[in-house]
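Below: the structure, in structure tokens.
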Amino acid sequence: MAQTAIPTGTYDDTDHDEDLGDGHHEPRSFITKYIWSQDHKVIAIQYSITAMAVGLIALVLSWLMRMQIGFPGSLPFIDPERYLQFVTMHGMIMVVYLLTALFLGGFGNYLIPLMIGARDMVFPYVNMLSYWVYLLAVLVLVASFFVPGGPTGAGWTLYPPQAILPGTAGRDWGIILMLVSLIIFVVAFTMGGLNYVTTILQARTRGMTMMRLPLTVWGIFVATILGLLAFPALFVSGLMMLLDRVLLTSFFMPTITSLGERLSYGGGSPLLFQHLFWFFGHPEVYIVALPGFGIVSDLISTHARKNIFGYRMMVWALLAIGVLSFVVWAHHMYVSGMNPYFGFFFATTTLIIAVPTALKVYNWVLTLWQADIHFTVPMLFSLAFILTFVSGGMSGLFLGNVVVDVPLSDTYFVVAHFHMVMGVAPVLVIFGAIYHWFPKVTGRMLNDALGKFHFWVTFLGTYAIFFPMHYLGFVGIPRRYHDFEGIAFIPDSARELNAFITVAALVVGAAQLVFLFNMAWSGFRGRPAGSNPWNATTLEWQTPETPPGHGNWGPRQPVVYRWAYDYSVPDAEQDFLPQNYPRPAGDGLNPEAPPEQGGLLR
Amino acid sequence: MTIFGTLAAKPWLESGSGEFPPSGRLRIPTGRLGLIFFLIVISVLFVLLGTAYVMRMGFGDWVPLDEPPVLWLNTLALVLSSAAFQGAWIGVRRNRPAGATAGLYAGGLFAALFLAGQLVAWRQLDGLGYYVASNPANTFFYLLSALHGLHLLGGMAAWGRAAARLRHAGSAAELRPAVELCALYWHFLLVVWLALFGLLLADNGGADAVLQPLPHGMH
């Protein structure tokens, strides 16, 4: 272990070692170890498994939708109402319950304490509550499949007045459960989020300055701050709509006649809901993207054996994107009838946010430039992320402009754009991250051949799905339509393209089952990984045990002497220097690989 | 180090045993930092609701409600509650257990009074025909006061834990973190309540009084 190389006596870190606090002794029983656990690693796994399970539901929903679009009528139970219910639940689950929960609840929980050299989160009990409240939110959401009328079919944006009016699917119970579930989710997120930011600020080990943090932690840190500031808007809008639905108040409901009957609503503003929703909704894009940016930076650096290019710029760009993400929300509302000057302002801020984002892309590319690239599965996924994020981001430049957005807004062009940029791109990061950190979590490697198969099918397949959708959008194919029967301007070729997309979607979905099999099989039968299979520098790979034990670090917390990116340092014998490695390179004491880490990768 | 100083660091130049900066934790107790972040989240919540309040006020159907006089008494109770917590805080700081205990109990008592008073206000409004859904002004009042009350109720749970610990505490110093957090939270909720109450009173001056500075073109 590298940390045993720390000259004892010179750097006495015993004062620094903190007791785990009252009530946080090592759990003994199965229940306290795996169920009511306050250990961040167990909570992370609970979050991840729950998020992936609910994500599977959303995956099946997407299959069903694609079957209807590609082969209309082939599954007769998919009527227009059901179709819209599938659209709604697919979107909401993927964005909130899968991506947000997995990036922050899953990776955030697992990696923050390990990467900063802490023993656990600073409020472990609240952390545990966060997971159980999240699970409750998921259960309430899933319950809406089983209530009379089914889940809401209002679209994932839940725009009033239509979301709560008779005639919209799930108007009776589905919408209520959806709103309640979202409110519960915000509570869960807040409990987790307070933990993440406070832990990152206060529980860093000795020597771990903010600017020595791996970019993964920076990404999670900024994303969590965004979440803490943005999720209250979802809470408020959800709560107000719930009152509109249940108590017939008129926050968002204008005077309205429904099915020939004048309703008791009056005076409310649907636009107010849109402002509140997107004040949450746009930062949400970055809540999902920023941890992805951070993770990809670390994956690329590790698997290209080279320090990240422009670390400081990367941090600043994360912060700049975070700030800007709060002043672009109305670019989702160009067709809402708001004041056109508003649109001009938001188009400008939207284009400005492309600057720090592009800066990150350049820095990833420059990190790869002349690097010692290892085409491992995590690296493949990282490269695919960069390509996909650029593709999706480019169409965002189009849609950010009001005049281009207005005709494209309700077409498949938008579907293509947001699936590329905030669907596929973050999912590719998640896969890369799982292949990268699975060995630490389980102590075993994922199967490489299955991983490469999974990668190529997913990467090429998602392009087969979403790239043609841009063309469908240009032709004017409207989104959220159950079928296109009798629409004269839609050419036959569009129907054939839709069938092709559906086949691709089924194949890509099936490839995810291979991935799940790989995880289940490798978790028990995979090749033992050792403590640092990628020869990485960050602290989570320097734990005395793999998987890390309770308290992570054994008797002494690590001490940090360098930043997270000392790869291929000149004069060093091995091509990486762990963050807790004490000696400078070229001091005449050539660092040697810790014996149990097997030396160099090549 | 300042925030800009931190962000300007060049970590790639500082490697090896020669450079050993401290981790740079903030110099406040972790619990208090967590609470401050929580207060920021609540602030965003109420600022958004306040913004919605002001926007909704301009839509033409707003009929301000007559605030029941009991709200003034409730405000007084909350002020006293906050003051008592401040007393408790001073007590633990100066190691005067009696003062701390008295402050803690009085703070909880006045807070409970405030909550009871809020329920009385609701009953009175309901009795006067100010129903939740009959006008947005009513809805906002019920919603905001309920959310504020729920936050205070959450505070009461924390207060309950602190009060229970009081019996077993050997010294005032042991209670210090809990009392500090309670006091901070109570002061914050007092400020929120004063802002909400101010909004309610200002709106009684007529919607125009509040909306004057806001350009109507926004909606």
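Here, each number is a calculation from the coordinates, and none is a lab measurement. Everything numeric here is computed off the predicted structure, so don't read it as measured data. Because the Cβ atoms are built from the backbone with ideal geometry, glycine has one as well, and the counts that use them run over all protein chains shown.
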Reciprocal of mean inverse Cα separation for segment A:360-441 (Kirkwood radius, Å) = 14.1
Running Debye on segment B:120-187 with equal point scatterers at the Cα sites and no solvent, what base-10 log of I(q)/I(0) appears at q = 0.21 Å⁻¹?
-> -0.83
For segment A:146-221, inverting the pair-averaged 1/r of distinct alpha-carbon atoms gives a Kirkwood value in Å of 15.4
For segment A:428-491, just list the percent of Cα-Cα distances falling in each 10 Å bin from zero outward, please.
-> 17, 31, 19, 18, 12, 3
List the relative contact order of chain A as a percent without decimals, with contacts defined as Cα pairs under 8 Å and 6+ residues apart.
-> 16
Given the Cα-Cα distance of A:GLU496 and A:LYS452 and 0.36 nm per residue of separation, how much length would full extension add, in nm?
-> 12.9 nm
Have a look at segment B:10-158 and give its Rg and Dmax from the Cα atoms, expressed in angstrom.
-> 22.1, 75
If every Lys and Arg gets +1 and every Asp and Glu gets -1 at its Cβ, then about the Cα centre the protein assembly as shown yields a dipole, in debye to the nearest 20, of 800
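Ignoring everything except DSSP H segments at least 4 long, calculate the 222 nm mean residue ellipticity for chain A; use -39,500 (n - 2.57) per segment, divide by total residues, nearest 500. Can you show the working numbers first?
On the way: 15 runs with 328 residues, N = 602.
Rounded to the nearest 500, it is -19000 deg cm²/dmol.
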Once amide H atoms are placed 1.01 Å from N in the peptide plane, what residues at a sequence separation of 5 or more from A:THR411, or on another chain, have their amide H within under 5 Å of its amide H?
-> A:ARG479
Give me the compactness ratio for segment B:70-208, meaning the Cα radius of gyration over 2.2 N^0.38 Å.
-> 1.18
In sequence order, what are the phi-derived ³J(HN,Hα) couplings for segment B:51-57 according to the Karplus relation 6.51 cos²θ - 1.76 cosθ + 1.60 with θ = phi - 60°, rounded to whole Hz, with x for glycine and proline?
-> 4, 4, 4, 5, 5, 5, 4
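Please arrange A:PHE344, A:PHE453, A:PHE273 by counting, for each residue, the other beta carbons lying within 10 Å of its beta carbon, fewest first. All intermediate terms of the calculation are to be shown ahead of the outcome.
Numbers: A:PHE344 10, A:PHE453 16, A:PHE273 26.
So the residues, fewest neighbours to most, are A:PHE344, A:PHE453, A:PHE273.
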For segment A:256-411, what percent of Cα pairs sit more than 26 Å apart?
-> 40
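So if I take the alpha carbon set of segment A:393-475, get Rg, then get Rh from the Kirkwood formula, what is the Rg over Rh ratio? Each step should come with its number before you reach the end.
Details: Rg = 16.6 Å, Rh = 14.4 Å.
Here the Rg-to-Rh quotient is 1.15.
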Residues with amide H under 5 Å from that of A:PHE576, placed H, sequence gap 5 or more | A:SER568
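How much of the pair distance distribution for segment A:272-321 lies past 15 Å, counting alpha-carbon pairs only, in percent? Mind dumping the intermediate values first?
Numbers: 691 of 1225 pairs.
Pairs farther apart than 15 Å: 56 percent.
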For B:THR75 and B:ALA157 in one chain, what is 0.36 nm times their gap in residues minus the Cα-Cα distance, to one decimal in nm?
-> 27.4 nm
With a sphere of radius 13 Å drawn around the Cβ of A:TYR334, what net charge do the other residues whose Cβ falls strictly inside it have (Lys, Arg +1; Asp, Glu -1)?
-> -2
List the residues whose amide H sits under 5 Å from the amide H of A:SER258, counting only those 5 or more places along or on another chain, with H placed 1.01 Å from N in the peptide plane.
-> A:LEU263
Cα atoms only, segment A:413-553: Rg and Dmax in Å?
-> 20.4, 67
Convex hull volume of the protein assembly as shown per residue (C-alpha atoms, cubic angstrom) | 172
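Give the order of A:VAL147, A:VAL441, A:VAL138 when sorted by the count of other beta carbons within 10 angstrom, beginning with the fewest.
Numbers: A:VAL147 14, A:VAL441 19, A:VAL138 23.
So the residues, fewest neighbours to most, are A:VAL147, A:VAL441, A:VAL138.
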Looking at segment A:123-254 from every direction and averaging, what is the projected area of its Cα convex hull in nm²?
-> 9.3
What percent of all Cα-Cα pairs in segment A:217-316 falls in each 10 Å bin, counting up from 0?
-> 15, 30, 20, 15, 11, 7, 2
Vicinal HN-Hα couplings computed from phi for segment A:561-567 (Karplus, 6.51 cos²θ - 1.76 cosθ + 1.60; Hz; Gly/Pro x) | 10, 7, 6, 8, 10, 7, 9
Counting other C-beta atoms within 10 Å, which of A:VAL569, A:VAL404 has the fewest, and how do the rest follow?
-> A:VAL404, A:VAL569
Restricting attention to the alpha-carbon atoms of segment A:55-140, what are Rg (one decimal) and Dmax (integer), both in Å?
-> 18.0, 56
Taking every pair of alpha-carbon atoms in segment A:457-510, what share in percent sits in each 5 Å bin, from 0 to the bin with the longest distance?
-> 4, 20, 28, 24, 15, 7, 2
